[in-house]
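Colleague: I have a structure I would like to understand better, so I am pasting it below and will then ask my questions one at a time.
Just so it is clear, none of the values below were taken in a lab; they were calculated from the coordinates. It should be emphasised that the depicted structure is a prediction, and the values quoted were computed from it without experimental measurement. Here Cβ is always computed from backbone atoms with ideal geometry, including for glycine, and neighbour counts include all displayed protein chains.
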Amino acid sequence: MPIRILATADLHIGRTSTQSIDLGEWGSTRYAWLRMVDYAIREGIDLILIAGDLVEHDNRYYEASAALKKGFDRLSEAGITVVMTAGNHDHDVLPQLIGRTERDHMILLGREGHWSDCVLEINGMKVQCIGWSFPDRFHEKDPAQSLPQGLVRSDMPTLGLVHGDLKQYAPTSPYAPISQETLEAQPVDLWVMGHIHKPLRIREAAPCMFYPGTPQALNPKETGLHGFELLELGSHGITPTKTVPFSSIRYEDIDIDITETEHFSHIREQITNAMDALFDERIDAYEDLKEVVVDVHLTGYQPDLEALNRYLAKQNFSEVSREVEGRPVMIRRVYNLCKFRVNQLDLLANEPGPAGLLAQTILDLEAGRSSPLLSELRESIVATMQDARESNTYKTLFEGFVDEGFADEGFADEGFADEGQGASTLEKESQIKEWLIEECHRTLSEMMKTKHQDRS
Ligand SMILES: [Mn+2]
């Protein structure tokens with residue numbers, strides 16, 4: 001019989017999902033942990049792997065302690081084994097908590113930042129687990145480099161747990177920048193990773209490697225589907241992983257293009273329609289999903305951004321919140337991300353002066369024509385981007401995916417992060433074009449404003 005495995009990380013017991021209307025205890029990660037325990041028992045899970053940050057940092061000790069103990073007791077009774085490593089949030093609290101409840105089926109690996117292993121026998125099959133835990137709040141070294149030669153056994157399958165960033169995206173992260181190549185080179189069947197809150201499949205082929213992400217989404221930055229991974233380990237290795245939707249709250253961003261919207265009063269209806277479409281287009285409802293929180297991004301071009309801002313400021317969009325398929329869908333915020341559009345760009349382009357030149361430049365860009373001004377602009381942008389990348393200020397692709405602490409420290413920048421190392425020349429070229437159009441529109445908008453003010 002194969003071993004049924006539930007893999008998770010970053011539960012952060014002690015926190016509560018933010019911005020909910022009325023989730024009550026369903027919003028707490030403490031309750032999510034107990035729900036997960038029930039799930040494991042109900043579904044006949046044999047082994048739970050938790051790759052760090054099970055518990056929020058130490059000031060939540062007492063809240064976490066009782067719930068953890070309750071969960072461990074239930075799992076123990078059901079004969080389910082839990083193998084864990086500590087992350088940057090629970091580097092001190094998890095060893096303490098486990099220390100008090102130490103028992104055969106609850107295993108914390110890699111204490112004090114030293115790799116360790118355990119061998120389990122489940123359903124007549126032997127399996128090795130290896131893991132590394134955070135020794136402190138920060139760890140600037142790559143834990144993969146300290147993995148001892150010969151730790152991984154060749155006579156049975158091995159499952160690995162580690163917490164931290166991936167080095168190629170965050171080379172100087174203070175949260176254990178891990179070399180993916182070094183992990184891959186180990187004869188390990190599976191790597192479960194923690195720290196990045198967005199679920200990420202790194203690779204499917206052996207060794208299978210993924211960040212399960214937060215099973216209970218914590219804030220509006222954690223959009224999309226959140227749950228945990230279910231796997232089976234049999235005589236032929238690991239089966240492909242399956243995500244089990246689990247979070248009681250779901251955060252979504254919806255983009256609505258209002259270029260064609262002439263009357264602002266229609267925006268409300270457009271938002272309502274987009275909300276109704278959510279469950280058809282991207283959300284598969286499941287029993288434990290209790291609430292959806294939506295941020296709306298108004299995009300496209302509008303001729304009068306000031307008037308649009310004034311209109312939006314007067315609206316109470318929470319009134320638009322509604323029930324869809326029996327669940328409250330709430331509008332949290334409406335962002336105006338529209339760009340300025342000059343109605344008669346072609347007329348303006350004929351005028352002398354900087355405004356005319358900018359209008360002409362936008363027309364050139366849109367038509368794919370070149371001009372001396374454009375070549376100059378393009379060169380200086382490429383140089384600036386190069387400088388930015390070399391200065392290492394923009395370290396990660398994972399803006400908004402990582403721990404709040406990390407993102408808040410401003411390591412990442414969306415504009416450059418999206419650009420990525422894997423972007424093709426063609427993609428880069430179209431991003432430069434898009435960015436130039438945006439900048440020209442923005443500058444032109446400023447110019448036109450001044451022009452109107454001069455007249456009045
Ligand atoms: Mn973490």
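Colleague: Any idea what the alpha-carbon Rg over 2.2 N^0.38 Å comes to for segment 250-341?
Modeller: Scaled against compact globular proteins, the figure is 1.12.
Colleague: Where does each of 160-167, 222-229 land if you order them by average Cβ count within 10 Å, highest first?
Modeller: 160-167, 222-229
Colleague: Same structure, new question: Charges only on Cβ, +1 for Lys and Arg, -1 for Asp and Glu: so what's the dipole of segment 3-247 about the Cα centre, in debye to the nearest 20?
Modeller: Here segment 3-247 has a charge dipole of around 260 debye.
Colleague: Suppose every K and R has +1 on its Cβ and every D and E has -1 on its Cβ; what is the size of the dipole of segment 13-99 about the Cα centre, in Debye to the nearest 20? Present the calculation step by step, with values, prior to reporting the outcome.
Modeller: Values: 8 positive and 13 negative charges, 24 e Å.
Here the size comes out at about 120 debye.
Colleague: While we're here: Decide, for segment 1-138, between rounded, prolate and oblate: order the square roots of the alpha carbon gyration tensor eigenvalues as a ≥ b ≥ c, take rounded if a/c falls under 1.5, and otherwise choose prolate if a/b is larger than b/c, else oblate. Mind dumping the intermediate values first?
Modeller: Values: a/c = 1.97, a/b = 1.21, b/c = 1.62.
It comes out oblate by the Cα gyration axes.
Colleague: Binned at 5 Å from 0, what are the whole-percent values of the Cα-Cα distance distribution for segment 149-242, short to long?
Modeller: For segment 149-242, the binned pair fractions read 3, 13, 22, 22, 20, 13, 6, 2, 0 percent.
Colleague: Bin all alpha-carbon pair distances of segment 219-295 at 5 Å intervals from 0 and give each bin's fraction as a whole percent.
Modeller: The percentages, shortest bin first, are 3, 12, 19, 17, 13, 11, 9, 6, 4, 2, 2, 1, 0.
Colleague: Cα extents of segment 164-299 along the three principal axes, largest first, in whole Å?
Modeller: Sorted largest first, the three principal extents are 61, 37, 24 Å.
Colleague: Let me ask something else. Could you check what % of the DSSP bridge pairs in the chain are antiparallel, to the nearest 5?
Modeller: 35 percent
Colleague: With point charges of +1 on the Cβ of Lys and Arg and -1 on the Cβ of Asp and Glu, referenced to the Cα centre of segment 330-389, which listed residue (ALA349, ILE381, VAL334) lies farthest in the positive direction of the dipole?
Modeller: My answer, from the dipole projection, is VAL334.
Colleague: Something else: Assign one of three labels to segment 3-247, namely rounded, prolate or oblate, based on the Cα gyration tensor with a ≥ b ≥ c the square roots of its eigenvalues; rounded applies when a/c is under 1.5, prolate when it is not and a/b is larger than b/c, and oblate otherwise.
Modeller: rounded
Colleague: Tell me whether segment 77-143 comes out rounded, prolate or oblate; compute the Cα gyration tensor, take square roots of the eigenvalues as a ≥ b ≥ c, and use a/c under 1.5 as the rounded threshold. Can you show the working numbers first?
Modeller: Values: a/c = 3.20, a/b = 1.58, b/c = 2.02.
Judged from the Cα gyration tensor, segment 77-143 comes out oblate (a/c at least 1.5, b/c at or above a/b).
Colleague: Assuming R0 = 45 Å, can you tell me the calculated FRET efficiency for the pair ILE381 and THR18, based on Cβ-Cβ distance, to the nearest 0.05? Walk me through the numbers before you get to the answer.
Modeller: Numbers: r = 37 Å, r/R0 = 0.82.
Result of the calculation: an efficiency of 0.75.
Colleague: Using the Cα centre as the reference, give the magnitude of the dipole from point charges on the C-beta atoms of the chain (Lys, Arg: +1; Asp, Glu: -1; all else neutral), rounded to the nearest 20 debye.
Modeller: It comes to approximately 640 debye.
Colleague: Of all DSSP beta bridges located in segment 250-341, what percent are antiparallel, nearest 5?
Modeller: Rounded to the nearest five, the antiparallel share is 15 percent.
Colleague: Mean residue ellipticity at 222 nm from the helices of the chain, using -39,500 (n - 2.57) per DSSP H segment of n ≥ 4 over the full residue count, to the nearest 500 deg cm²/dmol?
Modeller: Values: 12 runs with 151 residues, N = 456.
Helix contribution divided over all residues of the chain: -10500 deg cm²/dmol.
Colleague: Can I ask one more? Please report, for the Cα atoms of the chain, the Rg to one decimal and the Dmax as a whole number; what are they, in angstrom?
Modeller: Values for the chain (Cα only, Rg and Dmax): 25.8, 86 Å.
Colleague: A further question follows. At 25 °C and 0.890 mPa s, what whole-number value in µm²/s does Stokes-Einstein give for the translational diffusion of segment 136-186, with Rh from the Kirkwood sum over Cα pairs?
Modeller: 209 µm²/s
Colleague: Say the cut-off is 28 Å between C-alpha atoms; which of LYS126/LYS198; LYS221/LYS290; LYS126/LYS290; LYS221/LYS242; LYS290/LYS339 go over it?
Modeller: Exceeds cut-off: LYS126/LYS198; LYS126/LYS290; LYS290/LYS339.
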